[in-house]
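The values are calculated or read from the model by the stated rules, or taken from the named source; none is laboratory data. Quick caveat: nothing in here was measured; it's all calculated off a predicted structure. Cβ coordinates were reconstructed from backbone atoms using ideal geometry, including for glycine residues, and neighbour counts include every protein chain displayed. The protein model used for the area step is the full one, side chains on, heavy atoms only, and it has no ligands, DNA or RNA in it. Shrake-Rupley method; radii C 1.70, N 1.55, O 1.52, S 1.80 Å.
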Amino acid sequence: AASTFLTARVAPLADQHILILADDQTTARRTEQTRRDFVANVSHELKTPIGAISLLAEAVEDAAEDPVAVRRFAGRMGVESARLNDLVAQIIELSRLQADDPLRDAEVVDIDDVLVDAVDRCRVDAEQHQVTLAVAGATGTQVLGDARQLSVAVGNLVENAVVYSDPGARVVVAAHVQAQSDDDYIEITVSDNGIGIPASEVDRIFERFYRVDYARSRANGGTGLGLSIVKHIAATHGGDVSVWSRPGAGSTFTIKIPAHLNGAGTPTPPDEVA
Ligand code: ADP
């Protein structure tokens with residue numbers, strides 16, 4: 001089937017030589033298919049909360065005489081609107097990352113600032129889930145990148161760690177420098193002792209809209225976009241994201257990106273921040 005995507009141009013070169021130029025269009029078509037699937041998925045995902053909100057609006061009208069019911073429906077409308085809001089924000093984030101130069105605002109970024117900002121984004125959720133957040137920074141360690149994107153990436157991992165853990169759990173966010181041949185890399189790890197991910201699913205969780213257990217993840221308010229955003233941001237910064245996980249034991253996600261300048265950061269002991 002792949003050969004149907006190959007176009008060959010035959011160019012005469014010298015008397016008895018010909019040059020065959022083959023363009024593999026498979027990638028272009030796949031990209032186009034991925035884009036179409038994405039639009040279809042986005043439409044579907046947006047329709048769910050929008051449909052719920054309009055049904056709830058009707059229910060509020062019908063229950064006008066029953067203040068308890070009105071309050072209940074209004075509460076659910078709030079949840080669905082928040083979900084809609086998250087979805088739109090994440091879709092915007094993904095499209096920004098696909099811009100021509102997603103790192104046009106690159107600057108020298110202190111990793112500790114990224115960790116603190118990421119944890120701040122998740123503080124309210126952590127309190128709600130009764131999960132403790134601990135940060136072990138790497139003082140003085142810097143990368144060249146987009147500070148906002150990096151804290152979104154780490155924040156998405158922390159958010160998942162909080163959501164997929166039980167009350168009383170502890171999530172640890174840490175950064176350390178890894179020397180690798182001539183280059184130094186920074187590894188940012190987010191570890192939880194939550195529900196974990198089955199081995200058969202680990203390869204798929206970074207796909208857009210993929211959720212291990214749709215019902216469970218949706219009940220947790222997930223969109224299925226968080227990890228694909230993390231993957232894009234890591235790649236934009238010349239790195240990648242990986243995961244170790246065991247069901248029932250927990251998960252550790254690692255973002256690895258090249259360090260900038262003085263990569264030799266001094267590790268600091270974990271500091272309970274929330
Ligand atoms: P979601 O918005 O559903 O959390 P993500 O893209 O962030 O979407 O994650 C994809 C799926 O990977 C989640 O639905 C969840 O099943 C699984 N997952 C992600 N992080 C964790 C974690 N720390 N522990 C257990 N499962 C996780």
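Results, tabulated for the structure shown:
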item: Surface share of carbon and sulfur [accessible, 1.4 angstrom probe, percent] for the stretch 25-150; result: 54
item: Inter-label distance for Glu107 and Arg30, nm, one decimal - labels placed 7 Å from Cα along Cα-to-Cβ; result: 3.7
item: Ala40 paired with Thr132, simple spin-label distance in nm, labels 7 Å along Cα-to-beta-carbon; result: 4.8
item: Low-density loop positions, trypsin sites (Lys or Arg not before Pro), the stretch 101-153 - DSSP coil, at most 12 other Cβ in 10 Å; result: Arg104
item: Estimated FRET transfer efficiency when R0 is 35 angstrom, pair Ser242-Lys47 (beta carbons, to 0.05); result: 0.55
item: Binned Cα-Cα distances of the stretch 103-178, short to long, each 5 Å bin given as a whole percent; result: 3, 17, 26, 22, 16, 9, 5, 1, 0
item: Gain upon complete extension [Ala64, Leu144; 0.36 nm per residue less C-alpha separation]; result: 23.2 nm
item: Distance in nm between pseudo-label sites at Ala74 and Arg204 (7 Å out along the Cβ direction from Cα); result: 4.1
